[in-house]
Amino acid sequence: AQSVTQLGSHVSVSEGALVLLRCNYSSSVPPYLFWYVQYPNQGLQLLLKYTSAATLVKGINGFEAEFKKSETSFHLTKPSAHMSDAAEYFCAVLGGGADGLTFGKGTHLIIQP
Amino acid sequence: EAQVTQNPRYLITVTGKKLTVTCSQNMNHEYMSWYRQDPGLGLRQIYYSMNVEVTDKGDVPEGYKVSRKEKRNFPLILESPSPNQTSLYFCASTPGQGALGYTFGSGTRLTVV
């Protein structure tokens, strides 16, 4: 069964600093991986996805993630944090019931002014 | 606009009083799912549907029912709500292969007292 582990329930960075949100996965098959963002009182929005093409995936709002099979990781990065990036971020792997998503527990990103 | 619409956004009810949360998508998607989100647990799949009249249990189906009589609608039914079903609920849909990514509704915050 597929699973996802997000390291750090809360991550705090200064505005303008590098954002790094960690995600490790477990999958018995080549995985499809996703990062979603949830702004306060809103639903989930797809940031980016890995579907076995390029290992470096670029998403919206300046985010990108690199798939590393040897490390079973799919960490999310952004070179320079903005106040508007403050949100909850979820890593997910495809493989729930009938192509459902299995989510990590989420990382709350805090941006310090 | 392509979207998944859930109603209501907020609901407070009493233990044992049957309720239905509606979900509708306008993208002609085959797959639809319900998730619940709880602090520290991320999102967990409740039920999913691969097409009309085809539904199956996800990871946390106890206390819930669903139906899929039409392709666009996938209501979530709580026959006898209990306080442990207090949660944030999301409906999501995808065209038929989860690798394309799911579109999520805005969520329904349910409180059972």
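Inspect all residues belonging to the stretch B:9-32 and state whether any of them is more than 12 Å from the chain's Cα centre (by Cα), open to solvent by less than 30 Å² (accessible area, probe 1.4 Å), modelled with pLDDT under 95 and of a type in the set (Asp, Glu). No, the stretch B:9-32 contains no residue that is more than 12 Å from the chain's Cα centre (by Cα), open to solvent by less than 30 Å² (accessible area, probe 1.4 Å), modelled with pLDDT under 95 and of a type in the set (Asp, Glu).
Condition check ((1) in contact with a helix residue (DSSP H, G or I) (Cβ under 9 Å, 6 or more places away or on another chain); (2) buried (at least 21 other Cβ atoms within 10 Å of the Cβ); (3) over 30 Å from B:Thr55 (Cβ atoms)) across all residues:
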| site | (1), (2), (3) |
| --- | --- |
| A:Leu46 | yes, no, no |
| A:Ile60 | no, no, yes |
| A:Ser84 | yes, no, yes |
| A:Gly104 | no, yes, no |
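When the residues of the stretch A:25-35 are narrowed to those that are more than 8 Å from chain B (Cβ to nearest Cβ) and not in a loop (DSSP other than H, G, I, E, B), which ends up most open to solvent (accessible area, probe 1.4 Å)? Selected residue: A:Ser26.
Do the conditions hold for B:Gly40, that is, is it away from every other protein chain (no Cβ under 13 Å) and on the phi > 0 side of the Ramachandran plot? Quick ask: steps written out before the conclusion?
Working: away from every other protein chain (no Cβ under 13 Å): no; on the phi > 0 side of the Ramachandran plot: yes.
No, not satisfied.
Applying the set (1) crowded, with 20+ Cβ neighbours inside 10 Å; (2) touching an Asp or Glu at 6+ places or on another chain (Cβ under 9 Å); (3) of a type outside the set (Lys, Arg); (4) modelled with pLDDT under 95 to B:Met50 leaves exactly one unmet item: (1).
B:Ser106 passes every criterion in (1) open to solvent by less than 50 Å² (accessible area, probe 1.4 Å); (2) among the small types (Gly, Ala, Ser); (3) more than 14 Å from B:Ile46 (Cβ to Cβ) apart from (1).
Of all residues in the stretch B:76-103, those satisfying the criterion of being open to solvent by less than 20 Å² (accessible area, probe 1.4 Å), without any contact (Cβ under 8 Å) to a residue 60 or more places away in the chain and not in a strand (DSSP E or B) are B:Gln85, B:Ala99, B:Gly101.
The values are calculated or read from the model by the stated rules, or taken from the named source; none is laboratory data. What you see is a predicted model; the values in this text were computed from it and never measured. Cβ coordinates were reconstructed from backbone atoms using ideal geometry, including for glycine residues, and neighbour counts include every protein chain displayed. These area figures cover heavy atoms from the full protein model, side chains too; ligands, DNA and RNA do not enter into them. Shrake-Rupley method; radii C 1.70, N 1.55, O 1.52, S 1.80 Å.
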